[in-house]
1. So which residues in the stretch B:43-52 are away from DNA strand C (no atom under 11 Å from the Cβ) and surrounded by fewer than 18 Cβ atoms within 10 Å (Cβ to Cβ), if there are any at all?
2. In the stretch B:110-119, what residues are touching a helix residue (DSSP H, G or I) at 6+ places or on another chain (Cβ under 7 Å) and either surrounded by 15 or more Cβ atoms within 10 Å (Cβ to Cβ) or under 21 Å from A:LEU24 (Cα atoms) (or both)?
3. Could you list, in sequence order, all residues of the stretch A:132-183 that are at the interface with another protein chain (Cβ under 9 Å from one of its Cβ atoms) and of a type in the set (S, T, N, Q)?
4. How many residues, within the stretch A:148-192, are among the small types (Gly, Ala, Ser), under 26 Å from A:TRP120 (Cβ atoms) and buried (at least 18 other Cβ atoms within 10 Å of the Cβ)?
5. Here are B:ARG89, B:ARG14, B:ARG38, B:ARG8: which of them is at pLDDT below 95 and either within 16 Å of DNA strand D (Cβ to nearest atom) or within 26 Å of B:ASP124 (Cα to Cα) (or both)?
6. Are there any pairs with C-beta distances below 6 angstrom linking a residue in the stretch A:20-44 that is within 14 Å of another protein chain (Cβ to nearest Cβ) to a residue that is open to solvent by 30 Å² or more (accessible area, probe 1.4 Å), with the two at least 6 apart or on different chains, and if so which?
7. I'm checking my understanding of the structure. Among residues of the stretch A:126-138 that are of a type outside the set (D, E, K, R) and touching a Pro at 6+ places or on another chain (Cβ under 6 Å), which one is surrounded by the most Cβ atoms within 10 Å (Cβ to Cβ)?
8. What tally of residues in the stretch A:12-42 results from selecting those that are open to solvent by 40 Å² or more (accessible area, probe 1.4 Å) and within 13 Å of DNA strand C (Cβ to nearest atom)?
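The values are calculated or read from the model by the stated rules, or taken from the named source; none is laboratory data. These figures come from a predicted structure and were not determined experimentally. Here Cβ is always computed from backbone atoms with ideal geometry, including for glycine, and neighbour counts include all displayed protein chains. Calculation scope for accessible area: heavy atoms of the full protein, side chains included, ligands and nucleic acids excluded. Shrake-Rupley method; radii C 1.70, N 1.55, O 1.52, S 1.80 Å.
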Number of protein chains: 2
Amino acid sequence: MSRVVYGRLMSVDRTQVLRAAAALLSRKATATMDEVARAAGIGRATLHRHFAGRDALVRALEQLGIEETEAALEAARIEEGPADEAVRRLVPALQPVAPLLSFLVTENQLFEGDGQNEGWARLDARLVALFRRGQEEGAFRIDLTPAWLCEALYGLIGSGAWAVADGRVAANDFSYMITELLLGGARRSVEK
Amino acid sequence: MSRVVYGRLMSVDRTQVLRAAAALLSRKATATMDEVARAAGIGRATLHRHFAGRDALVRALEQLGIEETEAALEAARIEEGPADEAVRRLVPALQPVAPLLSFLVTENQLFEGDGQNEGWARLDARLVALFRRGQEEGAFRIDLTPAWLCEALYGLIGSGAWAVADGRVAANDFSYMITELLLGGARRSVEK
DNA sequence: TCCACGTGAGACATAAATGTCTCGCGTGGT
DNA sequence: ACCACGCGAGACATTTATGTCTCACGTGGA
């Protein structure tokens, strides 16, 4: 496990540590700092030098998750084109972030204080706007609120990530299963 | 806060304690035994007398959740009638258990050991059978696997419980939002 | 009235994770 | 070759949750 040159000499790559932490905590949310350090291939003291404590680590993961999710929204250009097509682009773009995202949404500690990250509100606003746009375009039904569709998307992303990690769904089917269920539902439609 | 007579003298109602614990842990999964005891209105020592430790408490909650979920499957008679109608009966029947269920599914500790409760397998089998039956009846599409539909149902139940607890969805809309999305999806169908 | 029993409160010990510190080492730059 | 810097390992103190115990109290039954 080689490390990337950071500044002038060999040092820990912060992002790489965060990715390892995300991978571990997605599977075991109660993992200790020691386990996180070992999973990242660094010493516990070093982990502490970079993140003042467990809380700081979770906050950093939150920031990373928000940034990568926003990057996925950008990559999927969700503000462009028909809303249903935007959703079809969005879900696969979110797949790499899905485990981290499902960890963060269950970390309710992040949402109860008064200093909650405004990134969630930004994400929610864009997703809600997407679903509302779909309704205005006549593509989405209006009896399901945009807020609920947004929440359901999070839930399905989490379920999908879990099902893939558990081997009940193939990674290649992740996007299809989520997109088709979210857009078309389970009922067999007559026009198909 | 009166207690129910249990046996010969006034004592703690185990089920009532479990319900209080479920209500608290659904909102704050990392609540301590002391917080659980206070939420149940009993002393910490008494909580310990009834449940040997935190693990035993979680196991008891697991058992309760499984039993109530199975009771919901019974009440909804999911093996009878058309599959889509069975789903429409099932979701509202699951609503009271939804918070507890969403807590349990995120408690991954329950699923990694070798002594996992066989109740989950029973539940999965019945739900998978329900979705498979729907496919065989021609009511459900066959490109979404029953296992995925089962997983998605869990996810939507969890999202719904969370959205209701957070005030983003009215409790009265819980069943409708979940059922309609699961069965019909977000897309506006031409026949409606 | 008296007794038995479960409870609440609190003291106490234990376990485990956290946070801090020191020190030796090796890399990479000078 | 030398030096500066960050890292790993480990010791240590602290904090927090857990688990156990004792004891006084009050209810409910005899």
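1. Once the filter is applied, which keeps residues that are away from DNA strand C (no atom under 11 Å from the Cβ) and surrounded by fewer than 18 Cβ atoms within 10 Å (Cβ to Cβ), the stretch B:43-52 yields only B:ALA52.
2. Those that are touching a helix residue (DSSP H, G or I) at 6+ places or on another chain (Cβ under 7 Å) and either surrounded by 15 or more Cβ atoms within 10 Å (Cβ to Cβ) or under 21 Å from A:LEU24 (Cα atoms) (or both): B:LEU110, B:ASN117, B:GLY119.
3. Within the stretch A:132-183, A:GLN135, A:THR145, A:SER159 meet the criteria.
4. Taking the stretch A:148-192 and keeping what is among the small types (Gly, Ala, Ser), we get A:152, A:155, A:158-161, A:163, A:165, A:167, A:170-171, A:175, A:184-186, A:189.
From what is left, the residues that are under 26 Å from A:TRP120 (Cβ atoms) are A:152, A:155, A:158-161, A:163, A:165, A:175.
Restricting the remaining residues to those that are buried (at least 18 other Cβ atoms within 10 Å of the Cβ) gives A:152, A:155, A:158-161, A:163, A:175.
Residues flagged as among the small types (Gly, Ala, Ser), under 26 Å from A:TRP120 (Cβ atoms) and buried (at least 18 other Cβ atoms within 10 Å of the Cβ) within the stretch A:148-192 amount to 8.
5. On the way: B:ARG89 fails: at pLDDT below 95; B:ARG14 fails: either within 16 Å of DNA strand D (Cβ to nearest atom) or within 26 Å of B:ASP124 (Cα to Cα) (or both); B:ARG38 fails: at pLDDT below 95.
Selected residue: B:ARG8, the only one of B:ARG89, B:ARG14, B:ARG38, B:ARG8 that is at pLDDT below 95 and either within 16 Å of DNA strand D (Cβ to nearest atom) or within 26 Å of B:ASP124 (Cα to Cα) (or both).
6. A:LEU24/A:ALA39; A:SER26/A:PRO99
7. Let us first name the residues in the stretch A:126-138 that are of a type outside the set (D, E, K, R), namely A:127-131, A:134-135, A:138.
Now drop any that are not touching a Pro at 6+ places or on another chain (Cβ under 6 Å), which leaves A:128, A:131.
Values: A:VAL128: 17, A:PHE131: 24.
In this case the residue turns out to be A:PHE131.
8. Going through the stretch A:12-42 one residue at a time, the tally reaches 8.
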